[in-house]
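Report on one structure; see the data block that follows.
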Amino acid sequence: MSDELKPAEQQEPERYVVLKASGSQYAYVQDTHERKTVKRYDIFKRNGWDQALIHAKRLNEAAKDKP
């Protein structure tokens with residue numbers, strides 16, 4: 001069964017997430033296991049928010065591929 005079809009309670013939370021504090025111009029890609037910031041993106045620069053989302057998605061895909 002794919003992750004998309006599992007009920008929300010059974011899905012594992014993503015390791016890498018994008019966080020942004022209200023009023024901040026930065027979006028942070030955060031590692032939830034190590035509780036560290038991986039990278040900071042300026043959302044006012046070209047595609048900053050999209051780049052943060054893509055970066056987190058790629059890191060999550062790579063983390064799933066590791067045993």
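Pairwise Cα separations in the stretch 14-65 fall into 10 Å bins from 0 onward with the following percentages, short to long: 29, 53, 16, 1.
Counted by Cβ distance under 9 Å from residue 16, the other residues give a net charge of +1, where Lys and Arg count +1 and Asp and Glu count -1. 3J(HN,Hα) along the stretch 14-27, derived from phi through the Karplus expression 6.51 cos²θ - 1.76 cosθ + 1.60 where θ = phi - 60°, amounts to 5, 6, 10, 10, 9, 10, 8, 6, 5, x, 8, 9, 10, 10 Hz, with x in place of Gly and Pro.
Computed from point charges on the beta carbon alone (+1 for Lys and Arg, -1 for Asp and Glu), the dipole magnitude for the stretch 14-65 about its Cα centre is near 140 Debye.
Read the figures in this text as sums done on the coordinates, not as results from a lab. Note that the structure is predicted; figures quoted are calculated from it, not measured. Ideal geometry is used to build each Cβ from the backbone, glycine not excepted, and the neighbour counts take in all protein chains shown.
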